[in-house]
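**Student:** The structure follows.
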Amino acid sequence: MKKLFVMVLCLALVLSTGSAFAEVIKLGGLAPLTGTYTEYGTGFEIAFNMAIDEINAAGGVNGYTFEIDVQDSEGDPVVSTTLATRFAEDDSVLAWLGDFTSGACKANAEICDLYGITQLSPTASAPDYASMSPYCFSIMGRQDIEAPFLAKYIVGKYLGCKTAAVIRVDSDWGLASYSNFERKAVAEGIEIVAHETYQTGETDFSSIVTKVRASNPDCLIVLDQGNSVAAVFNQADADGWDIRHVALGPGTSAQLLGQLTDPANIIVTSPFFFDKDNAEVMAWHDAFKAKSGFAPTIHPACAYDCVYLIAEAVKSIGDGELNRQTLRDALQNVEYDGLTGFIKFTPDGDISRNYMICGGTAEGWVVLEGFEYGAAGL
């Protein structure tokens, strides 16, 4: 009898342990929590946890609750691949969310293939990223749409510029953005009179600004995200250069406006805007700001939607087997009306978005014309 009791107790412990493991879905998170892109990485982490807290508080999905382990990739592809490999080799991790930069996400694509694990990025927008692996997904939209939009609608139609100077980060994303901008600029009759690059983390842009100023462009364009955008434009202001500033990449970042010496002299593209007339969107905006201390851009909003996309995929599996492969397959077919809009993946793992023109003011960002321009004619 004593032996039987011990066997039953051991079986109960095994079943209990197995049940506890099965009832928690563990996700990895990759985000630049330090370095040039800290604002966006911090936003990722906060938004991931906001979504997970909401889902768990509502009882989870199909009996599962969620947890996420967010690691600091520093915005560096080498660091990102090290962390991605660590997640991939941990059988308890079903997928990871991130990374922020296209370069880091592209560097991780081979790991996704090797281990059969999903990488769902809130923000990777290089046109060739998602097609690198059936396990790679992104919900930001692609630079072969946004960069041409910037050329046609902001530089050409809104500003009426005939010439432009471009300063960009030397990265996969920077090259993709520039190549697609250049293609459309040429088609629209806009001449690129200067094109200069810099390395991630550079802080002194005086010589680059002096060089491109000599080309006498109608507008100055920066293709990057993070502190470098403000640093380039502030250098132009410090040199007394009176020229319109245009950026692709930072979204409607409140931190960027706070860093600019002239916040009213910047125009950006954005696939999403926190519309003050939308109570649901603004409630999320205010909740995020209360947790972070800064206003959100589209980037944390996309991070939030990514968690819910995983939850929708799990929900669609129902009573079926949940593993890395079934999660990936379910995610491919998800249709979800999220905070940032309707999301449905293409066969390559991308989505399509519409874009708008947003301008800075001392009080914040405003939509300058229309609300959605779409991608027609690009």
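The values are calculated or read from the model by the stated rules, or taken from the named source; none is laboratory data. This is a predicted model, so every value here is computed, not measured. In this analysis, Cβ positions are derived from the backbone assuming ideal geometry, glycine residues included, and neighbour counts consider all displayed protein chains. SASA here: full protein model, heavy atoms, side chains in, ligands and nucleic acids out. Shrake-Rupley method; radii C 1.70, N 1.55, O 1.52, S 1.80 Å.
**Student:** Looking only at the stretch 30-60, which residues are in contact (Cβ under 8 Å) with a residue 60 or more places away in the chain, out of contact with any strand residue (DSSP E or B) (no Cβ under 8 Å at 6 or more places or on another chain) and not in a helix (DSSP H, G or I)?
**Tutor:** Answer for the stretch 30-60, where residues must be in contact (Cβ under 8 Å) with a residue 60 or more places away in the chain, out of contact with any strand residue (DSSP E or B) (no Cβ under 8 Å at 6 or more places or on another chain) and not in a helix (DSSP H, G or I): G35, T36, Y37.
**Student:** Which ones in the stretch 331-359 are open to solvent by less than 60 Å² (accessible area, probe 1.4 Å) and closer than 20 Å to E54 by Cβ?
**Tutor:** L331, V334, Y336, G338, L339, T340, G341, I343
**Student:** Inspect the stretch 40-58 for any residue being within 28 Å of Y355 (Cα to Cα), open to solvent by 50 Å² or more (accessible area, probe 1.4 Å), in the same structural domain as V314 (by TED's automatic domain parsing) and charged (D, E, K, R) and give the result as yes or no.
**Tutor:** Looking through the stretch 40-58, at least one residue is within 28 Å of Y355 (Cα to Cα), open to solvent by 50 Å² or more (accessible area, probe 1.4 Å), in the same structural domain as V314 (by TED's automatic domain parsing) and charged (D, E, K, R).
**Student:** Determine whether the stretch 22-31 contains at least one residue that is farther than 19 Å from G251 by Cα and at pLDDT below 95. Explain how you work it out, then say what you get.
**Tutor:** Quick first cut of the stretch 22-31, residues farther than 19 Å from G251 by Cα only: 22-30.
Those still in the list that are at pLDDT below 95 too: 22-23.
Among the residues of the stretch 22-31, at least one is farther than 19 Å from G251 by Cα and at pLDDT below 95, which makes the answer yes.
**Student:** Continuing with the same structure: Looking at the stretch 251-263, I want the residues that are closer than 12 Å to G43 by Cβ and have a partner that is of a type in the set (V, I, T) and assigned to a loop (DSSP other than H, G, I, E, B) with Cβ atoms under 6 Å, at least 6 apart or on another chain. Which pairs are those?
**Tutor:** These pairs meet every condition: G251/T297; S253/T297.
**Student:** For residues that are of a type in the set (G, A, S) and over 16 Å from the mean Cα position of the chain (by Cα), scanning just the stretch 289-313, find the one that is most open to solvent (accessible area, probe 1.4 Å). Walk me through how you get there before you give the answer.
**Tutor:** Looking only at the stretch 289-313, we keep the residues that are of a type in the set (G, A, S), and these are 290, 292-293, 295, 301, 303, 311, 313.
Filter once more, so that each one left must be over 16 Å from the mean Cα position of the chain (by Cα): 290, 292-293, 311, 313.
Details: A290: 89, S292: 29, G293: 66, A311: 6, A313: 0 Å².
Among residues in the stretch 289-313 that are of a type in the set (G, A, S) and over 16 Å from the mean Cα position of the chain (by Cα), the one most open to solvent (accessible area, probe 1.4 Å) is A290.
**Student:** For the stretch 116-138, what are the residues that are among the β-branched types (V, I, T) and either over 18 Å from V70 (Cα atoms) or touching a Cys at 6+ places or on another chain (Cβ under 8 Å) (or both)? Steps first, answer last, please.
**Tutor:** Here is the first cut: in the stretch 116-138, the ones among the β-branched types (V, I, T) are 117-118, 123.
If the condition is that a residue be among the β-branched types (V, I, T) and either over 18 Å from V70 (Cα atoms) or touching a Cys at 6+ places or on another chain (Cβ under 8 Å) (or both), then T118, T123 are the ones that fit.
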